[in-house]
Amino acid sequence: MILLLAAVFFAGFGAGRWSGGLDTDELPFMRRYVDLSAIKAPDWIRQDFITVNRYSRPGTKLNRINDIVVHYVANPGTDAEQNRSYFQGLKDQKGSGTVSASCHFIIGLDGEIIQIIPVDEKAYASNNRNSDTIAIECCHPDKDGKFSEATYQSLVKLTAWLCGELDLTEKDVIRHYDVNGKLCPKYYVEHEDAWTGFLQDVRKAR
């Protein structure tokens with residue numbers, strides 16, 4: 001009886017499905033192992049890591065990445081360097097009322113990309129998903145949160161590259177809103193069709 005059950009179980013794997021009909025592609029632990037420390041950024045990403053500190057770069061190592069989370073900076077008109085400086089400056093906080101915040105990548109108004117935390121370290125960006133996600137912050141010119149064309153194209157390029165490196169697909173790209181209901185990235189929460197279009201562009205770019 002035990003041998004029969006084992007045969008059915010492994011036959012399900014051979015067919016790419018559990019006996020219950022669940023496609024094994026839907027199971028995160030079935031993805032190939034990715035050595036996060038071995039990922040090397042291409043030359044179109046500028047690495048300028050912030051200092052290890054308790055408020056914005058704790059230095060905590062990540063074991064795996066299950067999703068990529070897109071954010072907007074919610075500070076219209078600011079550029080990538082200004083937002084990097086903000087996250088860097090959090091290390092100097094004292095007293096009560098401290099803030100913990102950061103991300104892995106910032107995309108500027110002109111499409112420039114700055115990486116401020118290694119992909120194998122935790123960032124403080126996505127609440128209870130900080131331990132298994134990569135966070136991308138995007139600058140935007142106006143309060144509606146819509147990205148410039150340059151920012152958008154860089155976001156597509158960066159997200160597609162990360163998917164390739166991390167063995168993910170566009171199905172593993174989410175909004176901050178999808179984590180905890182926060183209105184972030186604002187434009188792509190209020191315009192679901194634009195978000196769907198973005199995911200389609202990521203799939204085409206992979």
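H140 falls short on exactly one of the conditions (1) assigned to a helix (DSSP H, G or I); (2) farther than 23 Å from V34 by Cα, and that condition is (1). Listed by first and then second residue, the pairs with beta-carbon distance under 9 Å, at least 6 apart or on different chains, first residue in the stretch 91-116 and closer than 19 Å to P58 by Cβ and of a type in the set (S, T, Y), second open to solvent by 20 Å² or more (accessible area, probe 1.4 Å) and not in a loop (DSSP other than H, G, I, E, B), are S102/R57; S102/E137.
Inspection of the stretch 189-196 identifies no residue that is in contact with a helix residue (DSSP H, G or I) (Cβ under 9 Å, 6 or more places away or on another chain) and within 20 Å of T60 (Cβ to Cβ). Of everything in the stretch 172-206, what is crowded, with 19+ Cβ neighbours inside 10 Å, among the charged types (D, E, K, R) and under 18 Å from P76 (Cβ atoms)? Give them in sequence order. Matches in the stretch 172-206: K186 only. Of note, I117 does not satisfy the criterion of being closer than 15 Å to H140 by Cβ, buried (at least 22 other Cβ atoms within 10 Å of the Cβ) and aliphatic (A, V, I, L, M). Inclusion of G89 among residues that are within 20 Å of D43 (Cβ to Cβ) and among the small types (G, A, S) is not warranted. Among the residues of the stretch 135-157, none qualifies, meaning not one is hydrophobic (A, V, I, L, M, F, W, C) and either farther than 22 Å from E190 by Cβ or open to solvent by 60 Å² or more (accessible area, probe 1.4 Å) (or both).
E137 falls short on exactly one of the conditions (1) at pLDDT 95 or above; (2) over 11 Å from the mean Cα position of the chain (by Cα), and that condition is (2). In a residue-by-residue description of the stretch 82-103, the property of being at pLDDT 95 or above, surrounded by 17 or more Cβ atoms within 10 Å (Cβ to Cβ) and touching a Cys at 6+ places or on another chain (Cβ under 8 Å) applies to at least one position.
The values are calculated or read from the model by the stated rules, or taken from the named source; none is laboratory data. Keep in mind that this is a model prediction, so the values were computed, not measured. Because the Cβ atoms are built from the backbone with ideal geometry, glycine has one as well, and the counts that use them run over all protein chains shown. What goes into the accessible areas is simple: the full protein's heavy atoms, side chains included, and nothing from ligands, DNA or RNA. Shrake-Rupley method; radii C 1.70, N 1.55, O 1.52, S 1.80 Å.
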